[in-house]
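Asker: Take a look at this one; I'll ask things after.
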Amino acid sequence: MANIDFHEGMRRLGILLGTLGTCIGGADASSGARVAWNAYMAHRRFESLTASSTIQKLREAARDYRTNKPEAPSELIVRVDTDGIKQVAVNLNEPGLIDSTELSTGELVKKTKAHTSRRSQPPFGLLK
């Protein structure tokens, strides 16, 4: 009789620990997924802005400027005031040239890298 109670208790303890581990793992994964989603959306927003015809023309003009004036400063702020874009920060030393875009609403859209799925830190800071 005591042997059956011990096995039943261990089964219930296993179910409890499995459920608790699932909840902790889900909470940790959701926080990582939120960071990845926000980085993805910021990258997507910047890429959609740089794909616009206004930014493409600006990018080509910046390439020509860099070619014709090698002594030019490495960073420029270009006032655009068209298509909802107020100004653009241009870095002449980078291949993509565009660092950030300020919209006419005042929102600043910065250049971001696409998010990788690699974890930058251990879950909950447990393994330092």
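The values are calculated or read from the model by the stated rules, or taken from the named source; none is laboratory data. Every value quoted in this text rests on a predicted model; they were computed, and no experiment measured them. Heads up, the Cβs are rebuilt from the backbone with ideal geometry, glycines too, and the neighbour counts pull from every protein chain shown.
Asker: Please work out which one of (1) exposed (fewer than 14 other Cβ atoms within 10 Å of the Cβ); (2) over 30 Å from ALA33 (Cα atoms); (3) modelled with pLDDT of 85 or more is the condition THR105 fails and give its number.
Answerer: (2)
Asker: Still on this structure, please answer the following. Would you be able to tell me the number of residues in the range 70-99 that are within 20 Å of ALA42 (Cα to Cα) and in contact (Cβ under 8 Å) with a residue 24 or more places away in the chain?
Answerer: Number of matching residues: 8.
Asker: Right, here's the next one. Take the range 33-67 and flag every residue that is in contact (Cβ under 8 Å) with a residue 24 or more places away in the chain and outside any helix (DSSP H, G or I).
Answerer: The answer is SER52, and nothing else.
Asker: Need the failing condition index for GLY9 against (1) at positive phi; (2) exposed (fewer than 11 other Cβ atoms within 10 Å of the Cβ), just the number.
Answerer: (1)
Asker: Only one of VAL88, VAL78, VAL35 is β-branched (Val, Ile, Thr), on the phi < 0 side of the Ramachandran plot, surrounded by 14 or more Cβ atoms within 10 Å (Cβ to Cβ) and under 22 Å from the mean Cα position of the chain (by Cα). Can you tell me which?
Answerer: VAL88
Asker: Residue check: is LYS86 of a type in the set (Lys, Arg) and out of contact with any Ser or Thr (no Cβ under 7 Å at 6 or more places or on another chain)?
Answerer: The answer is no for LYS86.
Asker: On to the next question. Within the range 68-82, can one find any residue that is modelled with pLDDT of 85 or more and part of a loop (DSSP other than H, G, I, E, B)?
Answerer: No, the range 68-82 has no match at all.
Asker: Let me ask something additional. Is the range 17-32 home to any residue that is touching a residue at least 24 places away in the same chain (Cβ under 8 Å), within 23 Å of the chain's Cα centre (by Cα) and under 17 Å from VAL109 (Cβ atoms)?
Answerer: No, the conditions are met nowhere in the range 17-32.
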